[in-house]
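Data first, discussion second: the structure below is written as structure tokens.
The values are calculated or read from the model by the stated rules, or taken from the named source; none is laboratory data. Predicted model, so just to flag it, every value in this text is computed and none were measured. Don't worry about glycine lacking a Cβ; one is built from the backbone with ideal geometry, like all the others, and counts go over all protein chains shown. Side chains included, ligands, DNA and RNA excluded: accessible areas come from the protein's heavy atoms. Shrake-Rupley method; radii C 1.70, N 1.55, O 1.52, S 1.80 Å.
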Amino acid sequence: MNNAKSVTCSFTMDRDIYNAYKSIVARNGENVKGNIVKYMLNVIQFETPNADTIEAIEEVQRLKADPHKKTYNSFAEILGELDNE
């Protein structure tokens, strides 16, 4: 696949990080190269992740996991609470 439309990528990284990543990817029936290419395509398609998006996703995951979080039944209920402050 060596043509004008392809590029060869080479980088150095911590072996333990690579091995942990490879292990996770392999358990899902993929290989590292294919997974990285798929990840890059998702970044291009969704124009993410950036730091703000990652932070927002992590916040949503924390909120979903919190059994004591306050919930609302409607947007009007949220606005009503804001009016009461």
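Out of the stretch 23-66, which residues are surrounded by 11 or more Cβ atoms within 10 Å (Cβ to Cβ), of a type in the set (Gly, Ala, Ser) and modelled with pLDDT under 90?
Hit for the stretch 23-66 is 56, nothing else.
Filter the stretch 26-85 down to residues that are of a type in the set (D, E, K, R) and either under 28 Å from residue 15 (Cα atoms) or in contact with a Pro (Cβ under 6 Å, 6 or more places away or on another chain) (or both), then give me how many there are.
Residues meeting the conditions: 6.
Can you tell me which residue is nearest to the chain's Cα centre (by Cα) among those in the stretch 67-85 that are of a type in the set (A, V, I, L, M) and open to solvent by less than 90 Å² (accessible area, probe 1.4 Å)?
The extreme case among them is 78.
With the requirement that a residue be of a type outside the set (Asp, Glu) and on the phi > 0 side of the Ramachandran plot, what does the stretch 2-47 give you?
If the condition is that a residue be of a type outside the set (Asp, Glu) and on the phi > 0 side of the Ramachandran plot, then 29 is the only one that fits.
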